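FYI, it's all coordinate maths here, none of it is from the lab. All values derive from a computational prediction rather than experimental measurement. All Cβ positions, glycine included, derive from the backbone under ideal geometry; neighbour counts span all protein chains shown.
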Amino acid sequence: MGKTGFHGKPLQHFLLLAFLSGLFIFAFDYLGFFEGVNNYCYDLYFRLQPTTAVNKRIVLITVDEASLKKLGRWPISRKYYAELLQRLKLADVVGFDIFFD
């Protein structure tokens, strides 16, 4: 008597069903059908995080659309970065985190 999977089905049928299910899920994910659910779950994760006290010594400087209209198109001229660093000369550490949306 051969090995059987769940509910008495032969193991080969179970493995074939598992393989086809995985292939189906992979294809739908590759085509982007789960993107909305993925974004919602990702946002929900951060909304459920407890709020923590923000260190007052950290300063975030953002470049928004209005700033880009004033300073020019991306990439922004290096002179603006130099001016920013001159104003931050007392800082121990300065980091640039560039986020392209």
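Quick look at the values:
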{"quantity": "Stretch in the chain that is longest and holds no trypsin sites (Lys or Arg not before Pro) that DSSP places in a loop and that have at most 14 other beta carbons within 10 Å", "calculated": "4-55"}
{"quantity": "Net length gained if the chain between Y30 and A18 were fully extended (0.36 nm per residue, minus Cα distance)", "calculated": "2.5 nm"}
{"quantity": "Residue among V63, Y80, P10 farthest towards the positive dipole end of the chain, charges placed on Cβ", "calculated": "Y80"}
{"quantity": "Prolate/oblate/rounded label for region 7-87 (Cα gyration tensor, a/c 1.5)", "calculated": "prolate"}
{"quantity": "Within the chain, longest stretch clear of exposed chymotrypsin sites (Phe, Trp or Tyr not before Pro) (DSSP loop, no more than 10 other Cβ within 10 Å)", "calculated": "1-95"}
